[in-house]
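Enquirer: Below you will find the structure I want to go over with you.
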Amino acid sequence: MNKMAIVITVLCVSMLNGAEMVKVFKCKIVGTDLHVSNTSIANTKAQAIIRGHENQPIEVKNREIGELVRGELVRREDNVQNAKKNFFCIEPNVMSTQSVTLKKLYENKGLEQLPRCYQNILYEIPGEHKTIAIAELGAGLPGKERAEIAVSTIINFLKQQRKYSQIHLHLEESHTVDLYKQLIEDHLKSQKSESPNSSQTNS
């Protein structure tokens, strides 16, 4: 098992246009910089951008989204000007319903599928892309549960693979950055307690 090298930096907070709070949290895990923020993914400098798709039909080799496997990664188009590759991940679709029972059923199914969606992104992006930006997946699923899945899946991947130099995770709201920050710190602290001689933390 790879040793955990942990460096937690200060949470940076600034104001965007005097109205929207922008938060950025950065840490380093086994040589990979993990950045979590509520900045726009459109402004990222990452080499590959991954977004989620729910209901929108995507034609891939004459197929429609209904025939695609949840979590399947789809190459779409290139932004030549910024040398970025765009991909889409077919994420869980949480169907709207008035029934509390059905809603819970759909949510549970979506949460079951979500880890595979993140895994497919991390494992299937071509190796030449060393910096990637991911828009948070699982819209419509309970916020804390989908954050826990994203954090645990990404960190577990980084413990096993040194594929990327940077992973940028883009969230919709500033308060969600605080949630991810806490979950990441808790996860890394638990790893440090398990291997006290293989981790170091700076704050």
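Enquirer: So, E172, is that one among the charged types (D, E, K, R), under 13 Å from the mean Cα position of the chain (by Cα) and outside any helix (DSSP H, G or I) or not?
Expert: For E172, the condition - among the charged types (D, E, K, R), under 13 Å from the mean Cα position of the chain (by Cα) and outside any helix (DSSP H, G or I) - is met.
Enquirer: Okay, moving on. Identify all residues within segment 107-164 that are part of a helix (DSSP H, G or I) and β-branched (V, I, T); write none if there are none.
Expert: Within segment 107-164, I121, I149, V151, T153, I154, I155 qualify.
Enquirer: Moving to a separate point now. Say we look at segment 153-203 and pick out the residues that are farther than 24 Å from G71 by Cβ and of a type in the set (A, V, I, L, M); which of these is modelled with the lowest pLDDT?
Expert: Checking each candidate, the answer is L188.
Enquirer: Kindly list, by first and then second residue, each pair from a residue in segment 116-130 that is on the phi > 0 side of the Ramachandran plot to a residue that is in a helix (DSSP H, G or I) and not acidic (D, E), limited to pairs with Cβ atoms under 8 Å and residues at least 6 apart or on different chains.
Expert: Taking only residues 6 or more apart or on different chains, not a single pair turns up.
Enquirer: While we're here: Out of the strands (runs of 3 or more DSSP E) lying entirely within segment 1-42, which hold 1 or more residues that are at pLDDT below 85?
Expert: By residue number, 6-8, 12-16, 20-29.
Enquirer: Next question, about the same structure. Where the second residue is modelled with pLDDT under 95 and hydrophobic (A, V, I, L, M, F, W, C) and the first is within 23 Å of M21 (Cβ to Cβ) and surrounded by fewer than 18 Cβ atoms within 10 Å (Cβ to Cβ) and lies in segment 151-176, which pairs have Cβ atoms under 6 Å and are six or more apart or on separate chains?
Expert: S174/M21
Enquirer: Still on this structure, please answer the following. Please find, within segment 86-109, the residue that is modelled with the highest pLDDT out of those that are surrounded by 13 or more Cβ atoms within 10 Å (Cβ to Cβ) and β-branched (V, I, T).
Expert: The residue in question is I90.
The values are calculated or read from the model by the stated rules, or taken from the named source; none is laboratory data. Values in this document were obtained by computation on a predicted structure and should not be read as measured data. All Cβ positions, even for glycine, are placed from backbone atoms using ideal geometry, and neighbour counts span all protein chains on display.
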